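**Q** Below: one structure in structure tokens.
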Amino acid sequence: MKDLGFEKNRYKPASLVNYISAQKGGDISVERAKMLAGTNDTFQDFAKVYEQYINVCNTKYFLDFDDLLLKNVLMLKSFPHVRAKWQQRFHYIHVDEFQDVDHIQYKMLRLLKSKDNYVYVVGDPDQTIYTWRGADVNFILNYEKDFAPCESIVLNQNYRSTKAILDGANSLIKNNTMRVDKDLFTDNESMIKIEHHSFPKESEQADWVAKRLKEFKQNGQDYRNSAILYRSNYISREMEKACRNHHIPYMVYGGQRFFDRMEVKDMLAYARCVLIQDDLSFLRIINTPRRGLSPKTVDTLTSFAYERGLSYYEAATLYREFTPKVNKALDQFIQLIESLKRMQSLGIVTFLEHVFSNSGLKAMLEEESELDRIENVKELMNDAKEFMEIYPEATLDEYLQLVALYTDKSTMLHQDHVSLMSVHAAKGLEFDHVFLIEFCEGVFPNERSLSEGKHALEEERRLAYVAMTRAKKKLFITDSAGHSFVLRTS
């Protein structure tokens, strides 16, 4: 981006990395990427970055992760003697989780297959849930044709779930047309039914789930035997709140815990800097939102502080050998912190509201249309409000100490805790009790799949099938009228 003269924050590097990987995985050349971009300025810029990235890699003889597959496929395809060597080298080739392979991996497998070796694959087309990263249900559906002659063995006995859970999963997935017809069966004849509950509000749904988890614990069952699954990570917020209210230890997998989210950490860093002016908090907020203070300016301040045994905040109040513009920005930052100090007496919630408005964080998030992140900050204020209702005499310092306990992951890893995760993250796992929450139109299936038609909707069904078959003994499905994608964006 720098070579092309793009502003530093014009695009997120992660978005460009994903774009480049997708082009490579789709065997799309730079010229083709430019053509597909059409008149879209953003994708034209992405294609330029793609071209520059390819040029740098070629010039420096670099290979990235995608190249490790692409270059091997190119080599096997281009040089018959190399292909023959490796076809003879491997007598048996076994591919597990075959429904997850992408186009490049499938090409490699076909190039390695010969009359001198055997290929075995194990997969379930009903669990093809990674099409967004190249998986294709047609690989299994076309396998008998592409690798003829071959034999297919249907493994349809399930050793995990009860009959009632499998009956529910089978009845759902049968609505898909792109699949191998099979019905899972089990010797576990327990007929404990799947439970479905609807709630008028998200909070009532989360509270009900938390109470069921407490009941399981009181009956001698560990929290680790239960999981809460959801379609997208943004759904976890209300459930985390309920777990905290009921003192249930939990861990978020495949996403960030509420107090680890960037905007929440920014708010708490402001609070800590106001309270104790610690160096880590200072470094986090000194240019958040941007105040025109360069990394060199911050380095100068930290060096000045180190030489004189000062905190970074003290150095910022004393050092004024910058340009008038930088000095003014520092003065405004100091004035902000000092004004926020005087607002501590107004109560934790009011203090946080002033931090959000006066710091510029609110304006920054509104300008970037970061609605979910704004909701996360509001949720932090709700958390503080509940804390004050329980401990009306508590101080900001005491609240920050409690939050520090929420964010201490090192102890959580070894404790008995409930698992919160997206369905994608749950694939391959199993739990005695599974709560599949927010199972409602617009959330699961999500709004995008409803608009994209049959192919996308069938993937949503496969995703729901995976979610349901994570349960060994008991499956709860819940939804709330207060949580749909349509309502959130209206």
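**Q** Work out, step by step, the length gained on full extension between Lys77 and Ser303: first 0.36 nm times the residue separation, then minus their alpha carbon distance; give nm to one decimal. Please report the intermediate quantities before stating the final value.
**A** On the way: separation 226, 0.36 × 226 = 81.36 nm, distance 5.69 nm.
So the extension gain works out to 75.7 nm.
**Q** Same structure, new question: Evaluate the Kirkwood expression for the hydrodynamic radius of region 416-479, namely the inverse of the mean inverse distance over all pairs of different C-alpha atoms, and round to one decimal in Å. Before the final figure, lay out the partial values.
**A** Values: mean 1/r = 0.0806 Å⁻¹.
For region 416-479, the Kirkwood estimate is 12.4 Å.
**Q** Given a Förster radius of 35 Å and the C-beta distance between Asp41 and Lys211 as r, what FRET efficiency does 1/(1 + (r/R0)^6) yield to the nearest 0.05? Walk me through the intermediate numbers first.
**A** Details: r = 51 Å, r/R0 = 1.47.
Result of the calculation: an efficiency of 0.10.
**Q** Next question, about the same structure. Set Lys and Arg Cβ to +1 and Asp and Glu Cβ to -1, take the dipole of region 1-43 about its Cα centre, and tell me which of Gln23, Phe6, Leu36 lies farthest positive.
**A** Of the listed residues, the answer is Phe6.
**Q** In square nanometres, what is the average projected area of the Cα convex hull of region 279-353?
**A** Numbers: hull surface 21.3 nm².
Averaging across all directions leaves 5.3 nm² for the Cα convex hull.
**Q** What share of Cα pairs, in percent, lie more than 22 angstrom apart in region 1-78? Intermediate values should be presented prior to the final figure.
**A** Numbers: 712 of 3003 pairs.
That tail contains 24 percent of the Cα-Cα pairs.
**Q** Now for a separate question. Would you mind checking the radius of gyration and Dmax of region 196-289 based on alpha-carbon positions, in Å?
**A** When restricted to Cα atoms, region 196-289 yields Rg and Dmax of 17.0, 51 Å.
**Q** Right, something else. One-quarter of the Cα convex hull surface for the chain, in nm²?
**A** Working: hull surface 119.6 nm².
With every direction weighted equally, the projected area is 29.9 nm².
**Q** Moving to a separate point now. Work out Dmax and Rg for region 366-476 from the C-alpha atoms and quote the Rg first, both in angstrom.
**A** 19.1, 57
**Q** Moving on. Over 18 Å between Cα atoms, which of Lys24/Lys107; Lys12/Lys71; Lys107/Lys427; Lys214/Lys474 qualify? Write down the numbers at each step before the final one.
**A** Working: Lys24/Lys107 14 Å; Lys12/Lys71 27 Å; Lys107/Lys427 25 Å; Lys214/Lys474 15 Å.
Result: Lys12/Lys71; Lys107/Lys427 exceed 18 Å.
**Q** Find the Rg to Rh ratio for region 1-147, where Rh is the Kirkwood radius over alpha-carbon pairs and Rg uses the same atoms. Mind dumping the intermediate values first?
**A** On the way: Rg = 18.1 Å, Rh = 17.4 Å.
My calculation puts Rg/Rh at 1.04.
**Q** Still on this structure: Going Cα to Cα from Lys328, which lysines come in below 18 Å? Please leave out same-chain ones fewer than 8 positions away.
**A** Correct list for Lys328: Lys296.
**Q** So how strong a dipole does region 15-139 carry about its Cα centre when Lys and Arg Cβ are +1 and Asp and Glu Cβ are -1, to the nearest 20 debye? Mind showing how you got there, number by number?
**A** Details: 15 positive and 16 negative charges, 154 e Å.
So the dipole magnitude of region 15-139 works out to roughly 740 debye.
**Q** Report Rg (one decimal) and Dmax (nearest whole number) for region 314-418, counting Cα atoms only, units Å.
**A** 17.5, 56
**Q** Simple spin-label model, 7 Å along Cα-to-Cβ: Arg10 to Thr177 in nm?
**A** Label-label distance for Arg10 and Thr177, simple model: 4.5 nm.
**Q** While we're looking at this one, here's another question. Just to verify a number: FRET efficiency for Ala84 and Glu151, C-beta to C-beta distance, R0 = 25 Å, to 0.05?
**A** Numbers: r = 26 Å, r/R0 = 1.02.
Working from the Cβ atoms, E equals 0.45.
**Q** Along each of the three principal axes of the Cα atoms of region 97-180, give the extent in whole Å, ordering the values from largest to smallest.
**A** 45, 28, 22
**Q** Nearest 10 degrees is fine. How inclined is helix 236-245 to the longest principal axis of the chain, computing both from alpha carbons?
**A** Computed tilt is about 60 degrees.
**Q** What do you get for the angle between helix 65-78 and the principal long axis of the chain? Use alpha-carbon atoms, 0 to 90 degrees, nearest ten.
**A** Taking the Cα atoms of the chain, the angle to 65-78 is about 30 degrees.
**Q** Then there is this: As a test of the formula, what do you get for the chain when each DSSP H run with n ≥ 4 contributes -39,500 (n - 2.57) and the sum is divided by the residue count, at 222 nm and rounded to the nearest 500 deg cm²/dmol? Write down the numbers at each step before the final one.
**A** Working: 25 runs with 266 residues, N = 490.
Dividing the helical sum by the residues of the chain leaves -16500 deg cm²/dmol.
**Q** Which peptide among 289-301, 56-68, 237-249 comes first, and what is the full order, when sorted by highest mean count of other Cβ atoms within 10 Å? The partial results should precede the final answer.
**A** Working: 289-301: 14.2, 56-68: 10.4, 237-249: 19.0.
Result, highest mean Cβ count within 10 Å first: 237-249, 289-301, 56-68.
**Q** Strictly over 24 Å apart at the Cα level, which of Lys85/Lys115; Lys48/Lys362; Lys241/Lys472; Lys48/Lys454; Lys265/Lys325 would you flag in this model? Let's see the in-between values first.
**A** Working: Lys85/Lys115 13 Å; Lys48/Lys362 33 Å; Lys241/Lys472 26 Å; Lys48/Lys454 34 Å; Lys265/Lys325 28 Å.
Over 24 Å apart, Cα to Cα: Lys48/Lys362; Lys241/Lys472; Lys48/Lys454; Lys265/Lys325.
**Q** If r is the Cβ-Cβ distance from Glu314 to Thr59 and R0 is 60 Å, what FRET efficiency results, to the nearest 0.05? Don't skip to the answer; put the middle values down first.
**A** Numbers: r = 47 Å, r/R0 = 0.79.
It comes out at approximately 0.80.
**Q** Could I ask something else about it? For the chain, what proportion of DSSP beta bridges, expressed in % and rounded to the nearest 5, is antiparallel? Working shown, then result.
**A** On the way: 1 of 29 bridges.
So the antiparallel bridges in the chain amount to around 5 percent.
**Q** With angles folded into 0 to 90 degrees, how steeply does helix 163-173 sit against the dominant principal axis of the chain? Use alpha carbons for both and round to 10.
**A** Between helix and principal axis, roughly 90 degrees.
The numbers here are math on the coordinates, done by the rules we state, and not lab data. Because the structure is predicted, anything quoted here is derived from the model rather than measured. No Cβ is skipped: glycine too gets one built from the backbone with ideal geometry, and neighbour counts run over all protein chains shown.
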